[in-house]
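Report on one structure; see the data block that follows.
The values are calculated or read from the model by the stated rules, or taken from the named source; none is laboratory data. Since this is a predicted model, take the numbers as computed values, not measurements. Heads up, the Cβs are rebuilt from the backbone with ideal geometry, glycines too, and the neighbour counts pull from every protein chain shown. Heavy atoms of the whole protein, side chains included, go into the accessibility calculation; ligands, DNA and RNA do not. Shrake-Rupley method; radii C 1.70, N 1.55, O 1.52, S 1.80 Å.
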Amino acid sequence: MSTHATKEQKIKSGGVKKLQKKEARKFESKYGYFTADGREYVITRPDTPRPWVNVICNGDYGLIETQTGSGFSWRDNSNLSRITRWDQDLIRDSWGKYIYLRDRDTEKFWSATWKPCCPEFDFFQVRHGQGYSILTSSLYGIKCEKTIFVDIEDPVEVWKLVVTNETDKKRRLSVFTYFDWCLGNWADTHREFHKTFIETSIDRKNGAIFGLKRAPLVPGFISTGMTERPLEGFHAATITKPVAYDGDKEAFLGRYGDPHAPKAVMDGRLCDSDGKWGDASASLQVDVDLGPKESKVVVFLLGSTCSREQAVQIIKKYSDAKTADQELNKVKMLWNSFVNATEIETPDEAMNFMTNTWLKYQAISGRLWARCAYYQSSGGFGYRDQLQDCQIFFPLKPELAKKQIILHAEQQFPDGTVYHWWHHGTGTGAVTHCSDDLLWLDFITLNYLDETADDSILDMKIKFLPDPKTKEVTEGTLYDHCLRSIDKVFTRFSPRGLPLIGECDWNDGLSHVGIRWKGESLWLGHFLYGILNRITMIMDERGDKKKSAEYRKRAEDLKQAINEYGWDGEWYWGATKDNGDLLGSKKCDRGKIFLNCQTWAVICGTATPERAKQAMNSAAKWLYKEYGPLLLTPGYNVTDPTIGYITRYAPSVRENGGLYTHAGTWAIQAECMLRNAEQAYKVYKSFNPILRGLDPDLYFCEPYVTPGNVDGPDSPNNGRGGWTWYTGSGAWYSAVVLNWLLGIRPVREGLLIDPVIPKKWPGFRMKRLFRGAIYDIAVKNPKNTGQGVKQITLDGKKWAKNILPAFSDSKVHKVEVILG
């Protein structure tokens with residue numbers, strides 16, 4: 001007997017009958033709330049507007065868990081080495097790794113999570129935390145609590161299932177698991193071909209079923225020509241061993257069966273199927289008998305190892321009932337080390353929650369380690385993407401940023417060009433004509449030096465990619481790598497002294513603007529000018545004065561060209577096409593003004609003070625909207641092969657005239673640099689996910705991570721977000737708060753104190769890790785100025801400068817700042 005809910009009223013009620021127990025709730029909406037400390041988001045009904053997920057990863061093994069219990073798993077690369085099958089369907093969210101319960105006496109069955117049976121639960125709750133999720137439900141007097149996490153070291157995910165009999169009579173239950181094996185490249189959708197290489201085998205001794213995809217004879221490639229890393233996976237039950245197994249999908253689901261009512265669950269028994277001849281899946285059956293009010297724990301494992309022996313070791317490790325709790329505590333301690341390293345306490349609790357916890361978690365677990373999300377399963381590294389993301393490590397564990405910088409430097413060719421993206425360990429990477437990628441190595445390295453003063457990184461020897469012509473492998477210092485990036489850009493200049501855009505600049509959607517290497521990018525000019533001004537100081541310190549003088553001359557010539565040719569009267573235009581036509585100009589019918597060309601004119605100092613103010617006033621007038629600053633306006637409404645794929649998007653969607661959150665963060669920084677505290681804070685709040693999440697049926701997205709984009713005013717879905725988790729905005733949103741709004745930022749000389757906060761704030765506190773010491777900083781705003789440092793006290797003594805020294809002594813230093 002199935003409890004599959006099909007009536008619309010059950011969905012509208014969220015499939016939950018009983019009111020849930022009260023706890024301290026922050027920023028509550030109809031779908032959930034934050035706990036008092038902001039460390040968990042609690043979802044109280046399953047029918048959120050879109051899947052609200054957790055991305056859990058230890059840097060090698062990862063998974064996505066949605067509030068419905070759906071999701072998927074991978075080892076190392078979510079695209080090339082996916083363990084379980086999954087289909088990106090944000091409407092149905094109907095692929096996952098599921099647990100069923102069946103009452104052996106009444107024959108009623110249901111799923112422990114809302115998917116796939118969609119029961120009308122008596123109680124439903126999902127708690128997403130850092131590195132774990134807890135999914136709890138209650139039905140027919142049986143409470144199920146599934147805690148899922150990834151071991152911090154081993155390539156395995158753990159499902160700790162606590163089954164509780166809430167009634168006064170004995171209950172005899174069977175617990176079933178089910179998922180489909182992928183064990184390779186997710187994009188090989190020709191399943192009838194794909195499945196012929198996968199075999200399953202039952203290991204009763206260890207309570208497991210194994211799945212193996214046999215490696216291709218031509219290493220690294222599958223039928224479609226795409227790269228693959230075939231895997232061996234295992235699925236096991238510890239503590240209580242299975243009574244039966246299935247490794248064949250048809251045996252479990254039945255002919256024309258469906259996951260919401262599998263034949264094996266309805267019959268109450270698996271078939272012990274395995275072998276090389278079916279459609280590979282994995283299912284375990286564990287029988288659980290419970291006395292009145294009794295609870296029992298079942299631990300399921302899903303993992304992927306390089307050998308059967310390693311898998312057995314992991315299974316044995318979790319054979320002790322205490323191990324799951326011990327390993328979960330290690331996960332929590334790991335994330336505590338990130339969360340607690342640098343913390344803020346401001347009058348804005350939404351800012352505190354995002355900056356202290358969720359932005360760190362999103363950037364590290366989602367972007368740097370998993371490189372995957374529900375909206376985009378990438379698996380690879382983006383050259384500019386993860387370089388920018390690693391800034392999240394600066395005030396937490398800067399040594400991890402150093403590793404990221406070196407990794408990216410290794411993806412550079414001897415001529416200074418770089419892979420646009422790559423899949424590590426495969427030799428696969430994209431050689432493009434994107435014009436900005438290579439310069440991000442310089443930008444992030446300079447930021448790292450400001451944070452750490454670790455000049456030794458510049459002398460590290462790093463190999464280049466093989467020369468495309470000679471295949472020779474050479475090496476150079478990181479300093480050499482950085483200079484080669486700049487020198488390559490210098491070879492791509494227009495006759496009037498502006499950098500050429502090539503296939504695109506930072507805005508990938510401008511993919512056809514300069515494919516004949518004649519179109520120009522004004523934003524790239526701003527960006528390069530800022531880098532040249534900063535790197536020349538490093539060059540002088542290293543005694544590279546001749547080249548430094550050359551760079552300074554190029555920088556001044558560039559600034560002059562930008563202001564001579566790039567000023568459009570009230571703002572800076574964006575780009576020129578190969579034929580010379582302007583983009584981002586008042587002369588254009590569409591795309592009249594580009595946000596980045598205004599913000600980076602301020603950030604990099606190419607604009608005069610008057611033009612900086614006017615450009616940002618124009619941005620505020622035309623681009624700042626209720627739900628954040630638009631990337632450009634108005635959006636293009638006709639596909640234009642001379643501009644690029646941005647024009648294929650509907651107007652006000654993603655880069656084509658919506659909020660592109662990544663770029664929105666730069667507007668906050670630019671406003672702070674102009675000392676426009678109230679405007680900067682207004683922009684910040686306009687796309688804060690927690691605040692936007694208070695209207696969830698408009699916003700749609702998870703309220704605890706940033707979205708990649710929000711639809712703009714030309715869309716009927718104005719204000720709706722999308723592309724959450726997998727966005728570069730997470731690290732930047734944190735950085736602009738710490739460095740610019742709160743104004744405590746690293747510079748070469750030390751830690752600069754320069755807040756630009758709202759006038760009504762009484763002040764704020766920050767615990768800041770900086771060069772091996774902790775700075776406990778209290779900022780007070782007695783005269784409601786919000787800026788202007790009047791007095792600093794350092795360890796009880798007056799400090800004359802607004803730059804704190806780098807103590808590097810592992811001690812805590814007390815700092816009091818008075819604004820006035």
### Message
I need the full set of residues from segment 261-289 which are under 14 Å from TYR178 (Cα atoms) and of a type in the set (A, V, I, L, M, F, W, C), in order please.
### Response
ALA261, ALA264, VAL265, MET266, LEU270, CYS271, ALA280, ALA282, LEU284, VAL286
### Task
Return the residue satisfying two criteria in turn: it lies in segment 505-544 and is part of a helix (DSSP H, G or I) and in contact with a Gly (Cβ under 8 Å, 6 or more places away or on another chain), and of such residues it is farthest from ASP442 (Cα to Cα).
LEU522
### Query
So which residues in segment 335-366 are within 18 Å of the chain's Cα centre (by Cα), over 14 Å from SER734 (Cα atoms) and not aromatic (Phe, Trp, Tyr)?
SER365, GLY366
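Please go through segment 274-290 and pick out each residue that is surrounded by fewer than 22 Cβ atoms within 10 Å (Cβ to Cβ) and touching a strand residue (DSSP E or B) at 6+ places or on another chain (Cβ under 7 Å).
GLY275, LYS276, GLY278, ASP279, ASP287, VAL288, ASP289, LEU290
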#### Entry: Any chance ALA311 is buried (at least 23 other Cβ atoms within 10 Å of the Cβ), of a type in the set (A, V, I, L, M) and either on the phi > 0 side of the Ramachandran plot or out of contact with any helix residue (DSSP H, G or I) (no Cβ under 8 Å at 6 or more places or on another chain) (or both)
yes
### Query
Do you know which of the residues in segment 554-601 that are without any contact (Cβ under 8 Å) to a residue 40 or more places away in the chain and open to solvent by less than 10 Å² (accessible area, probe 1.4 Å) is farthest from ILE668 (Cα to Cα)?
ALA555
### Message
Just the residues that are among the polar types (S, T, N, Q), in contact (Cβ under 8 Å) with a residue 40 or more places away in the chain and crowded, with 22+ Cβ neighbours inside 10 Å, please, taken from segment 131-150.
### Response
SER133
### Query
Before we move on, is SER137 within 27 Å of GLY257 (Cα to Cα) and in contact with a Pro (Cβ under 9 Å, 6 or more places away or on another chain)?
yes
### Query
Within the set of pairs 6 or more residues apart or between chains, which connect a residue that is touching a residue at least 60 places away in the same chain (Cβ under 8 Å) inside segment 444-456 to a residue that is of a type in the set (Val, Ile, Thr) with Cβ atoms less than 6 Å apart?
ASP450/VAL747
### Message
Checking ASN717 against (1) within 15 Å of ARG50 (Cα to Cα); (2) part of a loop (DSSP other than H, G, I, E, B); (3) open to solvent by less than 10 Å² (accessible area, probe 1.4 Å), only one condition comes out false. Which one?
### Response
(3)
### Where a residue in segment 608-631 is on the phi > 0 side of the Ramachandran plot and its partner, wherever it lies, is assigned to a helix (DSSP H, G or I), with Cβ under 9 Å and at least six apart
GLY628/THR661; GLY628/GLY664; GLY628/ALA667; GLY628/VAL683; GLY628/SER686; GLY628/ARG692
### Query
Hey, any hits in segment 254-273 for a residue that's at pLDDT 95 or above, open to solvent by 10 Å² or more (accessible area, probe 1.4 Å), touching a Gly at 6+ places or on another chain (Cβ under 7 Å) and on the phi < 0 side of the Ramachandran plot?
yes
### Task
Have a look at THR428, THR432 and point out the one that is among the polar types (S, T, N, Q), open to solvent by 10 Å² or more (accessible area, probe 1.4 Å) and modelled with pLDDT under 95.
THR428
### Message
If I ask for residues that are surrounded by 22 or more Cβ atoms within 10 Å (Cβ to Cβ) and either of a type outside the set (Phe, Trp, Tyr) or part of a strand (DSSP E or B) (or both), which ones from segment 721-730 would you list?
### Response
GLY721, THR724, THR727, GLY728, SER729, GLY730
### Message
Please count how many residues of segment 628-676 are open to solvent by less than 40 Å² (accessible area, probe 1.4 Å), within 24 Å of GLN787 (Cβ to Cβ) and not β-branched (Val, Ile, Thr).
### Response
9
### Query
Which one is farthest from GLY644 (Cα to Cα), of the residues in segment 497-518 that are among the β-branched types (Val, Ile, Thr) and open to solvent by less than 10 Å² (accessible area, probe 1.4 Å)?
ILE501
### Query
Just a yes or no: is a residue in segment 804-818 loosely packed, with under 14 Cβ neighbours inside 10 Å and touching a Lys or Arg at 6+ places or on another chain (Cβ under 8 Å)?
yes
### Residue in segment 327-342 that is under 30 Å from LYS767 (Cα atoms), open to solvent by 50 Å² or more (accessible area, probe 1.4 Å) and either β-branched (Val, Ile, Thr) or not in a helix (DSSP H, G or I) (or both) present
yes
### Message
Given the criteria polar (S, T, N, Q), within 21 Å of ILE515 (Cα to Cα), at pLDDT 95 or above and surrounded by fewer than 21 Cβ atoms within 10 Å (Cβ to Cβ), does THR477 qualify?
### Response
no
### Task
Among the candidates LYS169, LYS195, LYS115, single out the residue that is more than 18 Å from THR68 (Cβ to Cβ), open to solvent by 10 Å² or more (accessible area, probe 1.4 Å) and touching a strand residue (DSSP E or B) at 6+ places or on another chain (Cβ under 7 Å).
LYS195
### Message
Contact list please: Cβ distance under 9 Å, first residue in segment 707-720 and more than 22 Å from ARG367 (Cβ to Cβ), second residue assigned to a strand (DSSP E or B) and of a type in the set (Gly, Ala, Ser), pairs at least six apart or on different chains.
### Response
ASP711/GLY721; ASP711/GLY722; GLY712/GLY628
### Query
Looking only at residues in segment 199-232 that are closer than 23 Å to GLY425 by Cα and aliphatic (A, V, I, L, M), which one is modelled with the lowest pLDDT?
ILE222
### Query
Are any residues in segment 349-400 of a type in the set (D, E, K, R), surrounded by fewer than 23 Cβ atoms within 10 Å (Cβ to Cβ) and either assigned to a loop (DSSP other than H, G, I, E, B) or free of Cβ contacts under 8 Å to residues at least 12 places away in the same chain (or both), and if so, which ones?
LYS397, GLU399
